[in-house]
Every structure is written in structure tokens, then in C-alpha cells.
Amino acid sequence: MLEMLSGKRALDPNRPNGQQSLVDWAKPYLADRRKLARLMDPQFEGQYNSKQSHQAAQLTLNCLAGEPRSRPSMKEVLETLEQIEALKSRTREARGGSGTSSRDRAHGRSAAVHQRSSPRGGSDARRGSRATNGHATKAR
């Protein structure tokens with residue numbers, strides 16, 4: 001999740017000292033709502049809901065707890081992600097939208113662009129990602 005939020009690899013020896021480990025670098029940003037925007041992948045171009053990103057950041061931080069018993073179960077992770085998605089759907093409906101953002105409409109894209117099929121037959125709505133062998137990877 002942290003890789004998807006930030007657009008960075010978990011370990012990258014090419015990053016400056018103190019930033020080579022994504023977890024070590026990102027924890028202060030995940031914990032502070034005001035700093036979260038600095039962590040987010042620049043490819044999102046600010047086109048994300050701040051409340052949803054904060055919820056995803058909190059979930060990610062919980063998953064990174066040092067004590068394994070303090071981490072959420074996969075069921076809890078899934079439930080939280082579903083709650084975040086439901087919030088997105090409610091926000092979209094409240095705006096009277098069809099699931100296509102004004103930015104997408106300006107570029108002639110429909111909601112289907114962001115609803116890609118995954119190998120398991122579901123949809124993969126993660127922006128700019130694709131599923132490969134069951135692992136999400138960033139499309140570059």
C-alpha cells in the first residue's frame with residue numbers, strides 16, 4: 001500500500017541517505033495529515049480525495065506497526081479498503097458524477113479507463129497500476 005500511495009519502491013539504494021527505506025522515510029508523513037501530500041505519488045497530480053488518502057495512510061501506518069499483534073488482519077484491511085471505496089462512490093454520487101472526473105472528460109476518457117480487468121476477473125481501479133502475478137506494479 002505504501003508503494004502505491006507514494007509511487008516509490010520499498011527499498012531503493014539510489015535515493016539519498018535516510019530515504020532508501022520507504023517505510024523509515026514515510027512514517028512521519030503517514031502519521032501527520034498535514035504532511036501526507038508530500039508522500040503522495042506526484043503522478044496523482046493532486047487528483048485524490050484527501051479524506052480517503054488520510055484513511056489509506058492510517059491503514060498503512062497500522063499495517064507497519066512494530067508489534068505483529070498490533071497490525072490489522074487481512075479481513076480488517078479489506079473491510080477498511082471497502083469503506084474507503086464506498087466513500088469514493090458516495091462522493092461521486094453526491095456530485096452527480098458518472099464516475100468520470102472533469103479531468104478525464106477534458107481528456108476524452110471515460111470511467112472505464114480507470115476500471116481495468118484484473119487476472120482474477122475483478123476490476124482494478126488503482127490509478128496507473130496493473131496486476132501481474134497477483135502483485136500490483138506501477139505502470140511507468
Fill in the blank from the handout: Matching residues in segment 7-56 (of a type in the set (A, V, I, L, M), more than 21 Å from residue 92 (Cα to Cα) and either in contact (Cβ under 8 Å) with a residue 40 or more places away in the chain or open to solvent by 40 Å² or more (accessible area, probe 1.4 Å) (or both)) number 5
Exercise for the section: Under 7 Å between Cβ atoms, at least 6 apart or on separate chains: pull out the pairs that start in segment 61-77 with a residue that is touching a residue at least 40 places away in the same chain (Cβ under 8 Å) and end on any residue that is β-branched (Val, Ile, Thr) and outside any loop (DSSP other than H, G, I, E, B). Expected result: 63/77; 64/23
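The values are calculated or read from the model by the stated rules, or taken from the named source; none is laboratory data. Everything numeric here is computed off the predicted structure, so don't read it as measured data. Backbone-built Cβ (ideal geometry, glycine too); neighbour counts: all protein chains shown. What goes into the accessible areas is simple: the full protein's heavy atoms, side chains included, and nothing from ligands, DNA or RNA. Shrake-Rupley method; radii C 1.70, N 1.55, O 1.52, S 1.80 Å.
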